[in-house]
Amino acid sequence: MDDNSRTNALVELGRFLRLSGYAFTTITPLSHQRVYARQPPPEPTLRDIFGWSHLFRERALSRNIFLALNNAGAAERVGDKFRSRVRFSTLGDQLFAHSAFPTKEADAVFFGPDTYRFARTIRCSVDQSDLPMRPRILDIGAGTGAGGLYAGHVLSHLSPHIVLSDINKRALEFCNVNTALNRIPDVSVAYSDLYAEVDGPFDLIISNPPYLVDADARTYRHGGGDFGWDLSLRILQQGLRHLSPGGLLVLYTGSAIVRGVDLFKDAVLDLLKNDNVNLSYEEIDPDVFGEELEAAPYDRADRIAVVSVVLRKARQ
C-alpha cells in the first residue's frame, strides 16, 4: 500500500471518529500503563480501541470504521482479535492521529501531556505577539504536526503558511494525515534535520523537541547530551538565522535541575548573551517524568522541569 492510500484511509477513519463524537485525552505512558493494566472492557468502545489501544473483535467496530482502519494497514491481528496500530487524541476542537500504545518503536510518533502544555505555550506566546498577515510558521521536529496545526488554527485570521518539518518519515506521514483531518490550509511538509532543508525567513518558529536521555535513542524521545537538551540548544542557536526581523521563536523543552541549579537555563543565557534578542524563560511544570530520577543520568538531578524559552529577534 502506498503512502497516499494509507494517508487517505487514516483521514477517513479520523472523520468517522469525529462524526461519532469521539474524544480522548492522552496521558503519560506510565499512567496509561496503569489504566491499561486494569481488567479489559468486555465490550470495548471507540475510546478503548483508539485511545487506550485495547484489543477488540472486528464486530466491535462499524463496517466503515473497520474497513478504514484495515485499509490504512493499521489493523493488527492478535490471535482472534485485533489491535489498532494508531491512536487518536483530541486537542480542543482538533483531532490528531499518532502511534498506538506502547510507543516503543524507534520511529514512534508521540502525543501526550507535553503536547497540551506546548499548545498552551503557543497560544500565550502568539496572543502577545504582533505577527504580520500571512506569517510564515515553522514547526521543527513536528511529530504529529500538532504544534504547527494548532498555531494555524489559532492564527487562522492571519492566513499563515505553515511548514511542518521532521527527520522521522513516519512523523511526516502523520503530519499529512492530521493536516487533512483538521482542514488546515497552506501547509507543507519537509523532511529535514532541524533547519537543513527549509528555506527562511520565518515569522514564527515553534518546537517541542525530544528532551530526555533515552537509552534506546528513540527519535521522539532522545535529546542528546548529558541531560537531553543538546537538541534544544541547537534549535535556539540555529533558529536565529532563520527568523525574520522581529520574528518569534517559541521553544518548549525540559531541563534537569541539579542541586538547585537549572543548567539548561545557564546554557541558554550563555548561548544568547551576545545576540540582540528579547528573551523570556519560564518554568511551566516543576516535576515531570519522575520515574527517570531512578536511573542515570537523572539520578544526579533533583527533578526534571519543563520550561519555555521565547525569544524575539530585534527588528533591523
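Taken together, the values in this text are just the output of simple stated rules run on the coordinates, not laboratory data. Quantities reported herein were computed from a predicted structural model and do not represent experimental measurements. Note that each Cβ is placed from the backbone with ideal geometry, even for glycine, and that neighbours are counted across all protein chains shown.
Based on the Kirkwood radius over alpha-carbon pairs, what is the Stokes-Einstein translational diffusion coefficient of the chain at 25 °C with 0.890 mPa s viscosity, in µm²/s?
This corresponds to a translational diffusion coefficient of 121 µm²/s.
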Exercise for review: With label points built 7 Å along Cα→Cβ from the Cα atoms of residue 276 and residue 36, find their separation and express it in nm.
Suggested key: 5.1
Check your understanding: So, in nm, how far is label residue 156 from label residue 197 when the simple model puts each one 7 Å beyond its Cα toward the Cβ?
Key -> 3.0
Exercise for review: Starting with the fewest neighbours, write out 30, 231 ranked by other beta-carbon atoms found within 10 Å of each beta-carbon.
Suggested key: 30, 231
Point to revise | Proxy reagent accessibility, fewest Cβ within 10 Å first, across 20, 89, 244 | key: 20, 244, 89
Check your understanding: At a Förster distance of 41 Å, what's the computed FRET efficiency of residue 133 paired with residue 83, Cβ-Cβ distance as r, to 0.05?
Key -> 0.35
**Study point:** Nitroxide proxy distance, nm - points 7 Å out along Cα→Cβ at residue 2 and residue 294
**Key:** 4.8
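Using a 10 Å cut-off around each Cβ, can you sort 154, 261 from fewest to most neighbouring Cβ atoms?
Ranking 154, 261 by Cβ neighbours within 10 Å, fewest first, gives 261, 154.
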Study note, to complete from the structure: Among the stretch 23-46, those whose backbone N falls under 16 Å of a label point 7 Å along Cα→Cβ from residue 59 are 42-45
Point to revise | Farthest positive-ward along the chain dipole, Cα basis, beta-carbon charges - from 229, 274, 163 | key: 163
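DSSP beta bridges in the chain, what fraction antiparallel, as a percent rounded to 5?
So the antiparallel bridges amount to about 60 percent of the total.
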**Study point:** Cross-link reach list, lysines versus residue 265, counting only Cα pairs under 21 Å and skipping chain neighbours closer than eight places
**Key:** 273, 313
Practice item. Please list, or write none, the lysines whose alpha carbon is within less than 28 Å of the alpha carbon of residue 169, excluding same-chain residues fewer than 8 places away. Key: 104
Review point. For the stretch 113-162, what does the alpha-carbon gyration tensor say about shape, rounded, prolate or oblate, given a ≥ b ≥ c as the root eigenvalues, a/c under 1.5 as rounded, and a/b over b/c as prolate?
Key: oblate
